[in-house]
Amino acid sequence: MLLGSSAQLFAAEPQLTGSAPPPTEPLSLWYRQPATKWVEALPVGNGRIGAMVFGGINRERLQLNEDTLWGGGPYDPVNPQGKAALPEVRRLVFEGKYREAGRLIAQKVLSLPRWPHSEMPYETAGDLVLNFPEAPSVEYYRRDLNLDSAVAGVEYNVNGTRFTRQVFASPVDQVIVVRLTADQKGAINFTASYQTPQGAAVETESGNTLVVSGFNATVAGIKGALKFQVRARVLADGGNVTATSDSVSVANANSVTILVALATSYKNFDDVSGDPEKIVKRQIASAARKGYDKLLAAHVKEHQRLFRRVSLDLGHSDAMPLPTDERIRDFHNGNDPQFAALYFQFGRYLLISCSRPGGQPANLQGLWNESLNPPWGGKYTININTEMNYWPAEEGNLGDCVEPLIAMVKDLSVTGARTARELYGAGGWVAHHNTDLWRATGPIDLADSGMWPSGGAWLCDHLWDHYEFNPDKACLKQIYPIMRGAAQFFLDTLVEDPTNRWLVTNPSVSPENNHPGGSAVCAGPTMDLEILRDLFANTIKASEILGVDSAFRKQVAATRARLAPLQIGSQGQLQEWLQDWDYQPGVDVHHRHVSHLYGLYPSWQINVFDTPELAAAAQYSLEMRGDESTGWATAWRINLWDRLHDGNHAYRILQFLLSPGRTAPDMFDLHPPFQIDGNFGGTAGIQGMLLQSRALAAQGAGQKFEIEILPALPSAWPNGSVSGLRARGGFEIGLAWEGGKLSSIKIRSVGGREATLRYGNRTADIKLKPGKTVQLNSEF
Ligand code: FUC
């Protein structure tokens, strides 16, 4: 059955009167009316399955996702003509014939299938719909999302009866739980049904369970290879539960619990032999035995284990009790510091809800998607977006949530080895600017976006970061071979630039930005060289710490020394390309990507302490790009200004990010359309105002770190405190400040490395044994 339009679904909602008070939990999103659009609905998720909760009165819609329900099946995207064409492409690029090179790439190098379905899309599982008896009018309506308990709630009165609804996605019991209660006995009546655009059959079983069995879609000739099943069991206290062939009805119940389980046959990128029916049956049976109270308690405990690690207080104002949509409307010209704290914690909530060990990493929409063909396929775009999703993870004390990303990079090192071999004749592994559930690694879409070999190398930053934030040799042993393979690919494919004899990538692009040659295709864009400098340095450090591969390490160091350097151009800008092209006609100076500024953030290669000239050049480039862009691009700019220690500038951009043009009513980031990277980039941007940390030695097994306190505190937040942030070297940091000045610091060593603490011009060395805590005042 096809989905009804939003108009059909919500036309019959009743008249609302009377205001409900705000929720008592200040870390809540809340609204005075049901959602009518998808970006007004509220997300719950357990890292693997999730729902968007609309909070309808006559009709509730729970739009459901399972993170392995994507289109297609295992496939190899490599274009068999690519390898033979690449030498000619390289020649054309070095001769300055960029358009011709782009045409040849499009004809012979880009992967199959072709644009616009170059990789497989992430897909919705469909909607669980609850139809209630029509209420002509409703009083004291409120819906909310409590970030501290990870429960979405709906409550309202009809004819004097108070109805409540709670929805959560349990990471412990692997079910979505919907609980309906009323303050009068026998008042709950509704019919549950299921709608999906997937090829699926909806049946009922045992008089109380909806069973949806289907197959994923075939996309662009890649055959759908996944089976999936959704089960929703309706358990009522009192009243009657009856079923038709495709719906389950409840009459006169006191309370109802609906347990929803979803699974597919996906086991990994080349194994689809799972049995979804068996999985969901087991999950439902065990959740039913446990009962609602225990399900809720276990869910809340597990969520809070992660969520409560960090608390943030940026101050309060009169705006705090207002509904969330009104606070978004007013944030950019009002005084609402707690809203920034709410946005920060919403980012942490989202990461916990869409990226947990064992599940898939956060895609372009995290976990939440109502379509079979979402914008950009809802994939993993790895020329910025997927990396940005994980920017707040380590600092935000959510290192656990990075596990799915690390697992994906490990998969890419397998599929990317095939691409390295078949397309480049190279060792190691490579991934270009996108990937999907099947871990496709070829260049896709168009030459100007797809012909970029550095996606896998960038992802390796997150592997290394995971180690630096949680120094643990066992973890390093796991990730080192992946980093080594990424480095190997570039040892095999870097070529000498004929003008300067520097080593460069060719072909490549500075992501999605055309240079004056009428193309983005080029050799040695600055970003590639920055990414490779980090990859090589981190691989060298890892091999030293592990005491392995000394010959390989020397080769990496020698190659690193020959990479094209960072260059300052004629206007004083950091050059985006090998050539001084930045401000020539045909270049979009306000382009959303700020790829060459990777060196300033997320990397530390350029910083105000060690490379002040380059930092000034990067600042010039940043100023020329402007402050306002798409959601994620705006968020990147905040982080860059944090690194430049200009908290007020960063804050002005944050105000734009948190305005209705870039933040939907449910606080999802808007590219537009919805794309979750901006939420995570914004969260990282707030963190970066309060704390930054880096390894001090650029090379060698340097194990000394610098932790900078309040590096970019904006004047909008004169008083506040934060606890539980993580810093490189394995530290947990708490801070308080008053009148814009640091008042106290608490540092707990988790990893026991040495660090220098920096606040303004003041520095102090700290040496703490693992597990030890030290409390310092502002005069440390
Ligand atoms: C990159 C960006 C686009 C968009 C897409 C998903 O290609 O350039 O703006 O975010 O990813």
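The values are calculated or read from the model by the stated rules, or taken from the named source; none is laboratory data. Bear in mind the structure is a predicted one, so any value in this text is a computation, not a measurement. Here the Cβ is made from the backbone with ideal geometry for all residues, glycine too, and neighbour counts use every protein chain on show.
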Problem - Verdict on Y467 being over 21 Å from A558 (Cβ atoms), of a type in the set (S, T, Y) and part of a helix (DSSP H, G or I) - result: yes
The number of residues in segment 351-382 that are away from the ligand (no atom under 14 Å from the Cβ) and of a type in the set (D, E, K, R) is 2
Residue set L342, L372; condition out of contact with any Phe, Trp or Tyr (no Cβ under 9 Å at 6 or more places or on another chain), surrounded by fewer than 23 Cβ atoms within 10 Å (Cβ to Cβ) and at pLDDT 95 or above; output residue L372
Counting only residues in segment 505-519 that are part of a loop (DSSP other than H, G, I, E, B) and of a type in the set (G, A, S), the one nearest to the ligand (Cβ to nearest atom) is identified as S510
The residue from E708, E732, E779 that alone is acidic (D, E) and part of a loop (DSSP other than H, G, I, E, B) is E779
* For S721, state whether it is over 16 Å from F344 (Cα atoms) and part of a strand (DSSP E or B). => no
Condition (residue is free of Cβ contacts under 8 Å to residues at least 24 places away in the same chain and crowded, with 18+ Cβ neighbours inside 10 Å) applied to segment 289-298: is it met by at least one residue?
no
Can you confirm whether E530 is charged (D, E, K, R) and more than 16 Å from the ligand (Cβ to nearest atom)? yes
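Rundown of residues vs (1) touching a Lys or Arg at 6+ places or on another chain (Cβ under 8 Å); (2) modelled with pLDDT of 95 or more; (3) among the β-branched types (V, I, T), yes/no style:
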site: L3; (1), (2), (3): no, no, no
site: P23; (1), (2), (3): yes, yes, no
site: T36; (1), (2), (3): no, yes, yes
site: A41; (1), (2), (3): yes, yes, no
site: V53; (1), (2), (3): yes, yes, yes
site: I57; (1), (2), (3): no, yes, yes
site: R61; (1), (2), (3): no, yes, no
Subset of segment 674-705, residues at pLDDT below 95 and either surrounded by fewer than 24 Cβ atoms within 10 Å (Cβ to Cβ) or touching a His at 6+ places or on another chain (Cβ under 7 Å) (or both), comes to A695, L696, A697, A698, Q699, G700, A701, G702, Q703, K704
message = Being within 22 Å of N385 (Cβ to Cβ) and within 16 Å of the ligand (Cβ to nearest atom) is the requirement here; does A664 meet it?
response = yes
Residue count, segment 180-196, condition part of a loop (DSSP other than H, G, I, E, B) and not aliphatic (A, V, I, L, M), comes to 5
Exactly one of T257, T204 is within 26 Å of D293 (Cβ to Cβ), surrounded by 18 or more Cβ atoms within 10 Å (Cβ to Cβ) and not basic (K, R), and that residue is T257
Restricted to segment 606-650 and to residues being more than 16 Å from the ligand (Cβ to nearest atom) and of a type in the set (S, T, Y), the residue farthest from N761 (Cα to Cα) is S621
Condition check: more than 16 Å from the ligand (Cβ to nearest atom), in a helix (DSSP H, G or I), of a type in the set (V, I, T) and more than 19 Å from V608 (Cα to Cα). Does T683 satisfy that? yes
Scanning segment 667-680 residue by residue, those part of a loop (DSSP other than H, G, I, E, B) and within 13 Å of the ligand (Cβ to nearest atom) turn out to be H671, P672, P673, Q675, I676
In segment 383-409, residues that are within 21 Å of A635 (Cβ to Cβ) and among the hydrophobic types (A, V, I, L, M, F, W, C) total 8
TODO: Please verify whether segment 709-720 includes one or more residues that are over 30 Å from T630 (Cα atoms), surrounded by fewer than 23 Cβ atoms within 10 Å (Cβ to Cβ) and either touching a residue at least 24 places away in the same chain (Cβ under 8 Å) or of a type outside the set (K, R) (or both).
DONE: yes
Notebook entry, point to check: Does at least one position in segment 638-658 carry a residue that is modelled with pLDDT under 95 and surrounded by 23 or more Cβ atoms within 10 Å (Cβ to Cβ)?
Noted result: no
Residues of segment 596-650 being in contact with a Leu (Cβ under 9 Å, 6 or more places away or on another chain) and among the aromatic types (F, W, Y), in sequence order, are Y601, Y620, W636, W641
Segment 267-378: helices (runs of 4 or more DSSP H) wholly inside it with 1 or more residues that are more than 30 Å from R179 (Cβ to Cβ) are 324-330, 337-354
Query raised in the report: Is there a residue being surrounded by fewer than 16 Cβ atoms within 10 Å (Cβ to Cβ), at pLDDT below 95 and more than 24 Å from L600 (Cβ to Cβ) anywhere in segment 462-473?
Result: yes
* Assess whether A393 counts as being under 29 Å from S749 (Cβ atoms), more than 16 Å from the ligand (Cβ to nearest atom), in contact with a helix residue (DSSP H, G or I) (Cβ under 6 Å, 6 or more places away or on another chain) and not in a helix (DSSP H, G or I). => yes
Here the qualifying pairs (Cβ atoms under 6 Å; residues six or more apart or on different chains; first in segment 618-638 and under 18 Å from E387 (Cβ atoms) and polar (S, T, N, Q); second within 11 Å of the ligand (Cβ to nearest atom) and not in a helix (DSSP H, G or I)) come out as S629/R592; T630/R592; T630/H671
Within segment 423-436, residues being more than 14 Å from S413 (Cα to Cα), in a loop (DSSP other than H, G, I, E, B) and more than 14 Å from the ligand (Cβ to nearest atom) number 1
